[in-house]
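Single-structure report; data block below.
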Amino acid sequence: MLCLGIETSCDDTGLALVEDGKLVDSLLSSQAEVHAIFGGVVPELASREHSRRLGPIFDSLLARNRLTPSDIDLVAVARGPGLLGSLLAGVAFAKGLALTLGKPLLGVNHLHAHLLAAGLDTDLKFPALGLVISGGHTELYRMDGVASFLRLGRTLDDAAGEAFDKVGNVIGLSYPAGRGVDELAQLGERGKINFPLPYIHNDNLDFSFSGLKTTATKCAADLRIEARQAREKRDFCAALNEAVAQTLLIKAGRALDRHPDLDTMYIAGGVAANSAIRAAFEGLMARRKGRLLMPSLKFCMDNGAMIAFAGYLLAREGYFHGLDLEAIPRGRMIPDDMRRDQVGALKDD
Ligand code: KG4
Ligand code: ZN
């Protein structure tokens with residue numbers, strides 16, 4: 001089964017092919033340079049760029065693998081959550097393809113796909129705890145199977161990546177600043193600056209990073225970090241890394257305490273590339289004698305491969321969508337509207 005995956009939920013246009021669960025090829029066109037001067041993604045520009053880029057990327061993906069559109073058995077597309085205009089560009093492209101090729105269509109939950117992407121490199125294991133940490137989302141899930149996700153917690157305001165991006169911007173790094181903050185943090189000293197851990201004194205599994213964003217921004221202004229020596233900037237970034245990592249760790253540890261049958265944990269999303277977060281979660285699962293699964297670094301970020309792979313997993317279980325598939329923006333629950341045909345489930349070749 002050759003599955004095409006289409007990712008356009010934010011500012012990266014990603015297309016990939018997965019055959020019987022194995023990655024064939026993946027292309028990603030980043031719009032970072034388009035949005036960098038604005039310090040964040042401009043939705044109108046993002047959707048326009050997706051529409052402009054999708055066709056040529058699709059053509060080169062097929063051409064460089066010597067394939068034709070009729071070789072595709074399934075068209076999977078990120079249907080949300082994300083920026084509505086961006087999602088619509090991908091969903092419309094996917095519907096057009098599925099209709100012309102007479103092949104099934106599958107709308108994939110972008111956040112579930114982030115977590116399932118670990119399966120591109122290793123065997124997936126359920127039940128598990130999943131943490132998606134990206135520029136737009138910070139969500140905890142109980143995962144009981146490829147189509148069985150129960151949301152346990154979410155951010156009440158900003159995502160972890162938003163905190164990295166905005167604070168990084170204040171200290172002179174360009175968008176998206178998470179990676180730049182992390183690179184400086186790795187050269188800095190922990191404990192020189194300390195930020196209070198946000199929203200941990202409660203008994204829930206939700207997050208809130210807006211307070212940390214404000215505290216860190218104010219601290220950067222008070223200490224005039226942008227104009228300071230490199231050493232102070234590095235220590236500041238190490239403090240930000242540490243505050244985000246420890247906060248995530250506390251809530252994930254709490255979730256594991258409440259679900260003692262879970263000994264596997266997945267972390268995914270662009271922010272999962274963060275060195276302090278990776279180290280913190282490796283430590284957590286080692287202490288708990290459990291397993292930490294995460295996608296390889298390049299599949300932590302938004303990409304088409306995770307959509308193609310999630311599409312493959314779902315189609316194998318008989319799931320599909322009709323042309324009434326809707327794109328769902330951030331903030332709205334993704335409906336549980338997949339149809340299922342176990343007899344007609346797509347099979348490996
Ligand atoms: O998953 P992703 O590619 O796109 C969204 O769905 O948002 O995540 C992008 C986010 C950005 O906020 C970026 O700054 C952040 O991931 N990011 C990092 C690191 N690498 C990327 N944040 C912290 N440390 C990193 N190493
Ligand atoms: Zn994402």
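The values are calculated or read from the model by the stated rules, or taken from the named source; none is laboratory data. All values reported here derive from a predicted model rather than from experimental measurement. Ideal geometry is used to build each Cβ from the backbone, glycine not excepted, and the neighbour counts take in all protein chains shown.
Key figures for this structure:
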{"quantity": "Matching residues in region 253-276 - criterion: being at negative phi and either of a type in the set (Ser, Thr, Tyr) or within 16 Å of ligand 2 (Cβ to nearest atom) (or both)", "calculated": "264, 266, 267, 268, 270, 271, 272, 273, 274, 275"}
{"quantity": "Any hit, region 319-331, residues being within 16 Å of ligand 1 (Cβ to nearest atom), modelled with pLDDT under 95 and assigned to a loop (DSSP other than H, G, I, E, B)", "calculated": "yes"}
{"quantity": "Output for region 24-47, where each listed residue is in contact (Cβ under 8 Å) with a residue 12 or more places away in the chain and more than 18 Å from the chain's Cα centre (by Cα)", "calculated": "24, 25, 34, 35, 36, 38, 39, 44, 45, 47"}
{"quantity": "Residues being over 19 Å from residue 127 (Cα atoms) and either among the hydrophobic types (A, V, I, L, M, F, W, C) or at pLDDT below 95 (or both) - total across region 144-161", "calculated": "3"}
{"quantity": "Matching option when the condition is surrounded by fewer than 18 Cβ atoms within 10 Å (Cβ to Cβ), over 21 Å from residue 184 (Cβ atoms) and either in contact with a Ser or Thr (Cβ under 9 Å, 6 or more places away or on another chain) or modelled with pLDDT under 95 (or both), among 290, 283, 253", "calculated": "290"}
{"quantity": "Residue within region 208-225 that is surrounded by fewer than 20 Cβ atoms within 10 Å (Cβ to Cβ), in contact (Cβ under 8 Å) with a residue 40 or more places away in the chain, in contact with a strand residue (DSSP E or B) (Cβ under 9 Å, 6 or more places away or on another chain) and assigned to a loop (DSSP other than H, G, I, E, B) present", "calculated": "yes"}
{"quantity": "Hey, residue 331 on the phi > 0 side of the Ramachandran plot and more than 16 Å from ligand 2 (Cβ to nearest atom) or not", "calculated": "no"}
{"quantity": "Condition check for residue 315: more than 30 Å from residue 24 (Cβ to Cβ) and either without any contact (Cβ under 8 Å) to a residue 60 or more places away in the chain or away from ligand 1 (no atom under 16 Å from the Cβ) (or both)", "calculated": "no"}
{"quantity": "Every residue from region 87-128 that is away from ligand 1 (no atom under 16 Å from the Cβ), assigned to a helix (DSSP H, G or I) and closer than 27 Å to residue 55 by Cβ", "calculated": "88, 91, 92, 93, 94, 95, 96, 97, 98, 99, 100, 101"}
{"quantity": "Test: residue in region 260-268 that is in a helix (DSSP H, G or I), in contact (Cβ under 8 Å) with a residue 24 or more places away in the chain and not aliphatic (A, V, I, L, M)", "calculated": "no"}
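Yes/no matrix, rows are residues, columns are (1) touching a Lys or Arg at 6+ places or on another chain (Cβ under 6 Å); (2) at pLDDT below 95; (3) away from ligand 2 (no atom under 16 Å from the Cβ):
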{"residue": "78", "(1), (2), (3)": "no, no, no"}
{"residue": "81", "(1), (2), (3)": "yes, no, no"}
{"residue": "84", "(1), (2), (3)": "no, no, no"}
{"residue": "88", "(1), (2), (3)": "no, no, yes"}
{"residue": "92", "(1), (2), (3)": "no, no, yes"}
{"residue": "107", "(1), (2), (3)": "yes, no, no"}
{"residue": "128", "(1), (2), (3)": "no, no, yes"}
